[in-house]
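A.B. asks: Starting off with a structure, shown below.
The values are calculated or read from the model by the stated rules, or taken from the named source; none is laboratory data. Every value quoted in this text rests on a predicted model; they were computed, and no experiment measured them. As a convention, Cβ positions derive from the backbone with ideal geometry for all residues, glycine included, and neighbour counts pool all protein chains shown.
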Amino acid sequence: MAAAPSPVVRFEAVGSTNVEALARASGPAPCWFVAGRQTSGRGRRGRPWTSEPGNLYATLLLVDAAPLARQPELCFVAALALHDAVRAVTGIDPLRIALKWPNDVLIDGGKLAGILLEGTLLPDGRGATVIGFGVNCAHNPPDTPYKTVNLASAGFPTAPDALLTALDAAMLERLAQWARGVGFAEIRDAWLRRASGIGRPVMVRLGERETSGVFEALDVSGAMLLRRSDGAREIINAGDVFPAPGG
């Protein structure tokens, strides 16, 4: 039997749905925080996230989702769920949609969405995790260092609320599969079947440092295994991944 839909808190406009969710982390969970637009949207490493009206800006609040050491795995759970939801509402050819490590969803090689995980400890010691989704339904940001795309321009005009309904169902299903981390091997395998870039040269930006090599695989924790040109294998736990020039 399908799980009941998660409750939704809506805002016409808000600074950041992640900030709102964290501020209310002691409330009921799971719960969605959804805005028509954000005035202070953020991406990874604190970068601003363009928030044009017509896109989906939604954050899912989870409390005590898993032991704290397993919670980074939620980035793979979230990426898979968004992939599932986009396919469900658009019927897109699976060859056109892919996942880029660790949690980007691509259509025709362009970035469709940003996913940002953040967390806090509640006074009772439980961990609260928020998963923010910024999905380009009608607009995509210009002047980015990588290709971006929106659902309408890809041929699939989609109302944000329709995508949210599908995303809620997909998240609940993937969270059940993940089972607080016990099922991460299944999540990892499902992610790999949808992955872009495996076996190809990539460049990884790690803060002030860059490294490059062939993206060989994921380890059991979801870290990228990168084979550098000197033959050494480097384990990448976090970073921004780009195709290597000429790769």
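A.B. asks: F156 passes all but one of (1) under 26 Å from G222 (Cα atoms); (2) in contact (Cβ under 8 Å) with a residue 12 or more places away in the chain; which number fails?
C.D. replies: So F156 meets the others, but not (1).
A.B. asks: Given the conditions (1) at pLDDT below 95; (2) assigned by TED's automatic domain parsing to the domain that holds L99, and given that G231 satisfies all but one, which numbered condition is not satisfied?
C.D. replies: Every condition holds for G231 apart from (2).
A.B. asks: Residues being under 28 Å from S26 (Cβ atoms), assigned to a strand (DSSP E or B) and either touching a residue at least 60 places away in the same chain (Cβ under 8 Å) or of a type in the set (S, T, N, Q) (or both): count how many of those fall in the range 120-150.
C.D. replies: Residues that pass the stated criteria total 10.
A.B. asks: Another question about this same structure. Out of the range 81-118, which residues are in a helix (DSSP H, G or I) and over 24 Å from R205 (Cβ atoms)?
C.D. replies: If the condition is that a residue be in a helix (DSSP H, G or I) and over 24 Å from R205 (Cβ atoms), then A81, D84, A85, V86, R87, A88, V89, T90, P94, L95, R96 are the ones that fit.
A.B. asks: Please work out which residue is surrounded by the most Cβ atoms within 10 Å (Cβ to Cβ), limiting yourself to the range 208-217 and to residues that are free of Cβ contacts under 8 Å to residues at least 40 places away in the same chain and within 23 Å of P145 (Cβ to Cβ).
C.D. replies: So, considering only residues that are free of Cβ contacts under 8 Å to residues at least 40 places away in the same chain and within 23 Å of P145 (Cβ to Cβ), the one surrounded by the most Cβ atoms within 10 Å (Cβ to Cβ) is G213.
A.B. asks: Yes or no: the range 158-175 includes at least one residue that is among the polar types (S, T, N, Q) and modelled with pLDDT of 95 or more.
C.D. replies: yes
A.B. asks: Could you grab the pairs with beta carbons closer than 6 Å, sequence gap of 6+ or different chains, first residue in the range 218-231 and in contact (Cβ under 8 Å) with a residue 24 or more places away in the chain, second one surrounded by 10 or more Cβ atoms within 10 Å (Cβ to Cβ) and assigned to a strand (DSSP E or B)?
C.D. replies: Final answer for the pair search is M224/I236; L226/G213; L226/E234; L226/I236.
A.B. asks: Kindly check whether there is at least one residue in the range 190-203 that is part of a strand (DSSP E or B), at positive phi and touching a Lys or Arg at 6+ places or on another chain (Cβ under 7 Å).
C.D. replies: Among the residues of the range 190-203, not one is part of a strand (DSSP E or B), at positive phi and touching a Lys or Arg at 6+ places or on another chain (Cβ under 7 Å), which makes the answer no.
A.B. asks: Considering the range 166-189 alone, what residues qualify as being more than 11 Å from A81 (Cα to Cα) and within 15 Å of the chain's Cα centre (by Cα)?
C.D. replies: R188
A.B. asks: Sticking with this one: In the set L226, L175, which member is surrounded by 15 or more Cβ atoms within 10 Å (Cβ to Cβ) and either part of a strand (DSSP E or B) or in contact with an Asp or Glu (Cβ under 9 Å, 6 or more places away or on another chain) (or both)?
C.D. replies: The unique qualifying residue is L226.
A.B. asks: It is to be established whether one or more residues within the range 122-129 are within 14 Å of the chain's Cα centre (by Cα) and surrounded by 21 or more Cβ atoms within 10 Å (Cβ to Cβ).
C.D. replies: yes
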